[in-house]
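Below is one structure, written out as structure tokens; comments come after it.
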Amino acid sequence: MMIDLADEPSLNINHRTAGTPVLALQDVRKSFGSLTVLDGLSLAVYPGEVFGFLGRNGAGKSTAIRILMGILRCDAGHINVFGKSLHSDVVGIRQRIGYVAQEQNMYPWMTPKVLSRFVRGFYPRWDEKRYQKLMTDFELPPGRRIGTFSGGMKAKLALTLALSTRPQLLILDEPTAGMDPVARREFLDLVREQTMQDGATTFFSTHLIDEIEAVADRIGIVESGRTVYDGELDPLRNSIGTWSIAMQDYIPGSMPGEFSRQRLRVLKEGERQGRWVVSLQFSQEVLASHEILLAPGWRHDSMSLEDVFIAVVANA
């Protein structure tokens, strides 16, 4: 179920209303035998934004991306890219997309120099000058065989290839796997810098919360193949809070403040380190009040974006 912030206490959906989405999925479904991987996935990505596609492992992110790239076909639903149906012109659409896969499958006997000559023929907008510059920036040896590269080096090479096509849409599927923290930060900075420079749109799939915070304008959270949040980060943070009370003071069924159950939704609760912890999602009425009157013994605990994410998917 898609959740939004309306009269009932649920999460914010912050759709943009201006412009045609670069990428739009509507009620997309995909199963492998009896296993349902995508169960009505819907989202929209707009021109020029970095959209973070967030979900834990197994939520359906990679399957969705393989469908977007034309590698798989969905069983049902609609997919539009650049304003037209994906399957009306898969080859033409893919020539306008830069793609960095979760696993890099490159010919191990090739060198980056040979690889560029091979790839450029598939992309009318190929920019050899940019390719050479990015190779230098990433300190990738042009004459060394790719089979000797580390996982991080292969990811950097894949990004170099993707950006050198001058893509209008950049799709990244868990791109920083295998990178150390310094390389990850360099990678994310380059993604942000290059997409801003080109005015390109970026669809960034990851399960690493800090990566989303670093680069994303909006996020979509997917759980069990469904979109459970689509919007900006701040409304998500502001609509969820966590409170706790010492176990000896907790009365089962009590709330941390003078709440009505019509004005909130319990996302997650349980014992942690000797305290009873409750994560709550608020209605617009509670958010507008700007203050919450705590019951005796309860305290307001700070939440990281990771805490918020866990609370959302635990209740999806």
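The values are calculated or read from the model by the stated rules, or taken from the named source; none is laboratory data. This is a predicted model, so every value here is computed, not measured. Please note: Cβ atoms are built from the backbone with ideal geometry, for glycine as well, and neighbour counts cover all protein chains shown.
Summary of computed values
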{"quantity": "Within segment 126-139, tally of residues that are among the charged types (D, E, K, R) and exposed (fewer than 12 other Cβ atoms within 10 Å of the Cβ)", "calculated": "3"}
{"quantity": "Those residues of segment 38-93 which are more than 21 Å from A311 (Cα to Cα), basic (K, R) and either buried (at least 20 other Cβ atoms within 10 Å of the Cβ) or touching a His at 6+ places or on another chain (Cβ under 9 Å) (or both), in sequence order", "calculated": "R73"}
{"quantity": "Sole residue being over 14 Å from the mean Cα position of the chain (by Cα), at pLDDT 80 or above and not charged (D, E, K, R), chosen from I171, I219, I240", "calculated": "I240"}
{"quantity": "Single unsatisfied condition, E271 versus (1) touching a helix residue (DSSP H, G or I) at 6+ places or on another chain (Cβ under 7 Å); (2) over 27 Å from T63 (Cβ atoms); (3) surrounded by 15 or more Cβ atoms within 10 Å (Cβ to Cβ); (4) of a type in the set (D, E, K, R)", "calculated": "(3)"}
{"quantity": "Subset of segment 74-119 (residues that are part of a helix (DSSP H, G or I) and free of Cβ contacts under 8 Å to residues at least 12 places away in the same chain)", "calculated": "S88, V91, G92, V114, R117, F118"}
{"quantity": "Any hit, segment 55-63, residues being more than 21 Å from the chain's Cα centre (by Cα) and within 22 Å of P175 (Cβ to Cβ)", "calculated": "no"}
{"quantity": "Test result for F204, farther than 30 Å from A158 by Cβ and crowded, with 22+ Cβ neighbours inside 10 Å", "calculated": "no"}
{"quantity": "Matching option when the condition is under 30 Å from A177 (Cα atoms), at pLDDT 90 or above, touching a strand residue (DSSP E or B) at 6+ places or on another chain (Cβ under 8 Å) and assigned by TED's automatic domain parsing to the domain that holds S31, among G225, G231", "calculated": "G225"}
